[in-house]
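The structure appears right after this line, and notes come after that.
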Amino acid sequence: MKQTPYIALATAGLGLACLVGCTTMPSKSSSSVSKADFGKTPEGQAVELYTLRNSKGMEAQIMTYGGIVTSLKTPDKNGQLGDVVLGYDNLDGYLKSTPYFGALIGRYGNRIAHGKFSLDGVNYSLATNNGVNALHGGLKGFDKVVWSVEEAEVGEHGPKLELTYLSKDGEEGYPGNLKVHATYTLMEDNALQIKFKANTDKKTVVNLTHHSYFNLRGNGDILGHVVTIHADKFTPVDGGLIPTGELRPVAGTPFDFTTPHAIGERINSPDEQLKLGGGYDHNWVVNKKVCCALELMAKVSEPTTGRTMEVWSTEPATQFYAGNFLDGTITGKGGWTYQFRNGFCFEPQHYPDSPNHADFPSTELKPGETYHNTIIYKFGAE
């Protein structure tokens, strides 16, 4: 496969978790980064909103609260720009109960059973926020803190924003002072790249990812989106959505996306795993050719707009979630009420509950080591 510029960048060692505002795509102009005030948290911390634009007119807006991608405008087959992520018009929406719209997720993405794990014989108890389990970092994960801006500029590969956060030892129950860098770059080939880097002063576990809810049509349900996932296996779950430890083949099941299928084609099949998740909300084990290499995980296409999205990552797996818990109680951008399955997520990651499964790829990070994770969402139209 011919390398695109961002693949070449990563393999060179620099890489290693429309309802609103449809407009005609602007003429080619210079890339830019701009910022604006976006309110304050209840504690009085100022929040800023950064807008990245590439020379082709694609635009990403990211705020310092939670590193949240609040807007992502991409062209359809007719060159019309449309916002393809769910979210809110203002900070207040994100400060209320929100299903992780557009957020950075950490210190540990997905679930840890009973909020407990052990490292070198030491038992740790985490904040539990999903029944008896810990989910997406706990009660106040990385999605609910204000990140510091390290850099905001037009770089060699496009406009970029680097955010940093120090997660202190004991925060949400996790050991070690963890310094995290998250760098967003809006590439010239209409790809949004997110690169994570982290270091710790004490052995810990880390599993960082990104949690945008996408809708390539811009509004309505996502059941007509066509999905391909390069994975021959997935990790089945129990009633608490915790992996059982099995790596189950997808062949012959509704989880087989090795060839393209519409999301809605089999989502209501009488399958035990679909019933447990209320639909697709599972971890697919990606067919990696080389461990930790940046590889294509999945592709999504939307027939009416022609928009496409490729998901690339260095991670060994991805959570695919079809918005099963959206229930019409959230009013988002432009007054759109988010109904059942109005958005989908691809969250490149390590397996859920890995600290409690010795045969899963390790999520441990030791002092002196550096955690790396690259995620790319590449957009096109066909």
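Taking region 199-252 as the search range and keeping residues that are surrounded by 16 or more Cβ atoms within 10 Å (Cβ to Cβ) and hydroxyl-bearing (Ser, Thr, Tyr), which one is nearest to residue 180 (Cα to Cα)?
Here the answer is 200.
Which ranges mark the strands (runs of 3 or more DSSP E) fully within region 33-106 that have 1 or more residues being within 21 Å of residue 160 (Cβ to Cβ) and polar (S, T, N, Q)?
46-53, 59-63, 69-75
Determine, yes or no, whether residue 162 is over 28 Å from residue 321 (Cβ atoms) and not in a loop (DSSP other than H, G, I, E, B).
Answer is no for this residue.
If you check every pair at least six apart or on different chains, which have Cβ atoms under 9 Å apart with a residue in region 326-351 that is of a type in the set (A, V, I, L, M) first and a residue that is in a strand (DSSP E or B) second?
326/338; 330/337; 330/338
Would you pick out the residues in region 56-78 that are modelled with pLDDT of 95 or more and over 20 Å from the mean Cα position of the chain (by Cα)?
Of everything in region 56-78, those that are modelled with pLDDT of 95 or more and over 20 Å from the mean Cα position of the chain (by Cα) turn out to be 75, 76, 77, 78.
Please find, among 294, 274, the residue that is surrounded by 18 or more Cβ atoms within 10 Å (Cβ to Cβ), over 30 Å from residue 76 (Cα atoms) and under 22 Å from the mean Cα position of the chain (by Cα).
Answer to the selection: 274.
A quick yes/no check of all residues on (1) surrounded by fewer than 19 Cβ atoms within 10 Å (Cβ to Cβ); (2) at pLDDT below 95; (3) of a type outside the set (Asp, Glu):
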| residue | (1), (2), (3) |
| --- | --- |
| 141 | no, no, yes |
| 147 | no, no, yes |
| 156 | yes, yes, no |
| 172 | no, no, no |
| 182 | no, no, yes |
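The values are calculated or read from the model by the stated rules, or taken from the named source; none is laboratory data. Note that this is a predicted model, so its numbers are computed, not measured. Because the Cβ atoms are built from the backbone with ideal geometry, glycine has one as well, and the counts that use them run over all protein chains shown.
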